[in-house]
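All remarks here apply to the structure that follows.
The values are calculated or read from the model by the stated rules, or taken from the named source; none is laboratory data. Here the structure is a predicted model, which is why all the values come from computation and not from measurement. A quick note on method: Cβ atoms are made from the backbone with ideal geometry, for glycine too, and the neighbour counts reach across all protein chains shown. Each accessible area value is taken on the protein alone, full model and side chains, heavy atoms only, with ligands, DNA and RNA left out. Shrake-Rupley method; radii C 1.70, N 1.55, O 1.52, S 1.80 Å.
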Amino acid sequence: LFGFYFRGSLAALFNVGVTMGGEGVPVSLQIVPVEIPEGTSPYFDRIQSQAYRIEINPDQVSITGHSYEGMYYATRTFEQLLDGPSLPVGTIVDWPDLPIRMIMVDPARQNENMDYYRRLIEFAGRHKINAILCHLTDDQTSALYHEEYPELMHHRAWTPEEIAELKALARKHHIQLIPEVESLGHSRMFERRPNFEDYLHQTTDDSPDESWMGTDIPGYTNVLCPASPQAHVYLDRMFERAENTFGHQWIHVGFDEVDMTQCERCIAAFGEQTSEEWMITAFETVSERVQNNNAKTALWGDMLLSHPAVADAIPTDSTIIFDWHYRPDVSDESVHFFLERGFEVIASPALACAPHMVIPNRRNYDNIARFTEIARDNDLLGVNTTIWVPVRYLTDGLWTGIAFAADHAWAGSNFDEEAFFAAFSRDFFGSAEGEAHRAVWNRLVDILWHRPDIYTASWIDSETLEAARTAAKTREAELREMITELEEIRAELDRIGESVTANHTEWKALGHGAAILQYTMEHLLAAPHIDTDAALLADLNARCVRLIEVIEADWDRNRYADDPGKEGRFLQNQHLLFRFRQMDVYHKELLAKAKE
């Protein structure tokens with residue numbers, strides 16, 4: 001099988017200029033043990049199984065994999081070597097720092113299309129990522145199709161047939177797909193069911209709570225009630241669907257950010273309990289259902305950190321902890337908390353998370369590098385780089401970041417930024433300007449312009465316009481400095497773009513991201529002047545319309561053009577396209593008033 005894909009990859013290379021003449025050297029491929037230095041990791045055997053060896057001599061190339069997976073990674077590396085001007089003579093022995101190298105996608109918040117997920121799987125395999133966590137349910141929708149819960153489903157929820165296709169493609173690239181079904185919090189979508197009260201956890205607060213742990217319905221939170229028979233029927237059906245379609249040895253059950261309130265139904269079912277006892281009861285019930293579906297239970301670790309008694313009460317042999325922290329200065333304290341209790345741990349940094357927007361920045365990348373280092377130093381099971389809330393960002397602006405996370409997960413112990421950009425620029429963009437790419441990328445990710453900044457800058461009514469006027473007066477010098485920097489960055493991206501011979505859309509997305517950041521800054525600076533300068537307002541709106549076209553093109557390429565989410569059905573306060581459309585509407589209102 002690997003030989004077939006290797007030949008296919010070579011054929012693709014030949015089509016872009018690599019030729020094989022009659023004087024070519026033979027290439028041998030073998031599955032035999034590959035010796036690597038003995039390490040301290042309890043997962044040493046899993047790490048060694050992914051090792052490979054490439055020997056390049058003037059008269060022969062020998063490629064050896066410790067297993068079929070190791071051979072797959074060897075051929076990926078050899079393909080990249082073939083992209084260069086010549087093959088170096090020498091020997092490569094390579095193996096990963098961590099056994100599991102994962103990214104997480106968030107189709108529950110915004111389902112992207114099957115073509116995008118196919119491209120993502122192929123890209124992940126090329127960069128030696130071997131697992132993808134699929135966050136399938138959340139407050140907004142379920143992306144895991146189940147015919148018995150139509151009100152909850154995304155209109156393009158993943159069917160068993162689509163999952164089978166993705167799973168088959170992933171298997172070819174030695175990638176496991178892991179399902180996540182939220183089983184306690186993050187279940188606001190049940191508001192849409194007529195009998196929502198049969199599912200959702202009660203609270204004594206009788207006012208609507210639109211926070212991450214609330215609902216629009218007085219007296220109810222976004223938690224699936226552990227004492228609700230209907231909630232457990234739902235979980236049984238969703239876990240069964242996840243097991244039957246994904247067939248993975250884990251089911252991730254969420255359990256993060258749970259509002260642990262009092263609930264009359266729980267008191268009636270379980271008696272008076274402390275918050276910790278209630279959480280333990282909920283976990284035991286859910287974990288039993290997961291095990292009934294022949295899987296281990298995986299969960300986010302935040303609630304256990306907040307309530308150590310819960311961590312002390314749950315079994316370690318059947319529970320995998322995803323320890324998530326998104327600060328650039330993340331410490332190893334929480335990792336030790338879980339390891340000392342005997343849990344297997346997956347470190348979980350973020351490429352995209354609140355409050356970041358449009359494209360990842362330095363804080364994201366420092367978080368990935370530092371948390372991956374912690375995973376390596378503490379011999380963790382793996383690392384999971386999360387990608388949250390797709391409506392916040394340009395999908396095609398993430399490819400460099402995914403490769404960066406993958407490279408840190410595979411070989412962060414030897415990470416060389418210059419070598420990374422040289423290889424990635426050549427391999428993905430077909431460009432020899434790796435050093436220039438590295439320099440401009442570093443300038444771009446150093447622009448720290450977050451969602452609160454963007455929303456202040458993107459005024460859409462009289463109230464937000466007044467707030468923008470105030471902010472513009474206090475930040476003018478800072479904004480003008482960043483705008484000048486972004487103008488230079490965009491010019492350099494355009495220059496390097498002339499050398500790009502592959503994946504032009506993905507390259508242009510970097511420039512589009514810079515343009516969006518620059519526009520919002522200029523939009524903020526314009527706020528004090530638009531009442532007296534109609535030409536300025538008209539120019540702002542013309543540029544806004546052009547950027548809407550850019551954001552829509554990214555959406556339509558990677559998501560569904562007919563998705564109600566495109567019109568802002570969910571997450572309006574984080575929705576890049578929706579916000580720009582709101583700006584357009586308000587600009588036109590002001591222009592109409594100016595004409596009057």
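Taking the stretch 195-206 as the range and being out of contact with any Phe, Trp or Tyr (no Cβ under 8 Å at 6 or more places or on another chain) and at pLDDT 95 or above as the test, the residues that pass are ASN195, ASP198. Among residues of the stretch 401-421 that are open to solvent by less than 50 Å² (accessible area, probe 1.4 Å), those with a Cβ under 6 angstrom from a residue that is polar (S, T, N, Q), sequence gap 6+ or separate chain, pair up as ALA405/THR385; HIS408/THR372; ALA409/THR372; GLY412/THR372. Annotation for the stretch 44-57: at least one member residue is open to solvent by 20 Å² or more (accessible area, probe 1.4 Å), at pLDDT 95 or above, of a type in the set (D, E, K, R) and not in a helix (DSSP H, G or I).
The conditions of being under 27 Å from CYS134 (Cβ atoms), open to solvent by less than 30 Å² (accessible area, probe 1.4 Å) and touching a Leu at 6+ places or on another chain (Cβ under 8 Å) are met by PHE246.
Inspection of the stretch 372-381 finds no residue satisfying the criterion of being under 29 Å from GLN140 (Cα atoms) and at pLDDT 95 or above. With respect to the conditions (1) touching a residue at least 24 places away in the same chain (Cβ under 8 Å); (2) crowded, with 20+ Cβ neighbours inside 10 Å, SER425 falls short on a single one, namely (1).
Here LEU448 clears all of (1) over 18 Å from SER425 (Cβ atoms); (2) part of a helix (DSSP H, G or I) except the condition numbered (2).
State all residues of the stretch 570-583 that are open to solvent by less than 30 Å² (accessible area, probe 1.4 Å) and either among the acidic types (Asp, Glu) or in a helix (DSSP H, G or I) (or both); if no residue qualifies, say none. Passing the criteria: GLN574, LEU576, LEU577, ARG579, PHE580, MET583.
Tallying residues that are surrounded by fewer than 18 Cβ atoms within 10 Å (Cβ to Cβ), touching a residue at least 60 places away in the same chain (Cβ under 8 Å) and not in a helix (DSSP H, G or I) within the stretch 516-535 yields 0. For the stretch 430-445, residues that are charged (D, E, K, R) and within 16 Å of GLN518 (Cβ to Cβ) total 1.
Just need a number here: residues in the stretch 263-302 that are open to solvent by less than 20 Å² (accessible area, probe 1.4 Å) and within 16 Å of VAL223 (Cα to Cα). Qualifying residue count for the region: 9.
Exactly one residue out of THR91, THR64, THR77 is within 30 Å of PRO179 (Cα to Cα), open to solvent by 10 Å² or more (accessible area, probe 1.4 Å) and either outside any strand (DSSP E or B) or modelled with pLDDT of 95 or more (or both), and it is THR77. Within the stretch 434-479, the residues that satisfy the criterion of being free of Cβ contacts under 8 Å to residues at least 24 places away in the same chain and either in contact with a helix residue (DSSP H, G or I) (Cβ under 6 Å, 6 or more places away or on another chain) or closer than 23 Å to HIS575 by Cβ (or both) are GLY434, ARG438, SER462, GLU463, THR464, GLU466, ALA467.
Based on what the data block shows, is ALA369 of a type in the set (A, V, I, L, M, F, W, C), part of a helix (DSSP H, G or I), open to solvent by 10 Å² or more (accessible area, probe 1.4 Å) and farther than 22 Å from ASN130 by Cα? So ALA369 does not fit the description; no. In the stretch 480-492, the residue that is farthest from LEU398 (Cα to Cα) out of those that are open to solvent by 10 Å² or more (accessible area, probe 1.4 Å) and in contact (Cβ under 8 Å) with a residue 24 or more places away in the chain is ARG480.
Considering only the stretch 344-352, I want to know if a residue exists there that is of a type outside the set (A, V, I, L, M, F, W, C) and either open to solvent by 10 Å² or more (accessible area, probe 1.4 Å) or over 21 Å from ASN442 (Cα atoms) (or both). Yes, some residue in the stretch 344-352 is of a type outside the set (A, V, I, L, M, F, W, C) and either open to solvent by 10 Å² or more (accessible area, probe 1.4 Å) or over 21 Å from ASN442 (Cα atoms) (or both).
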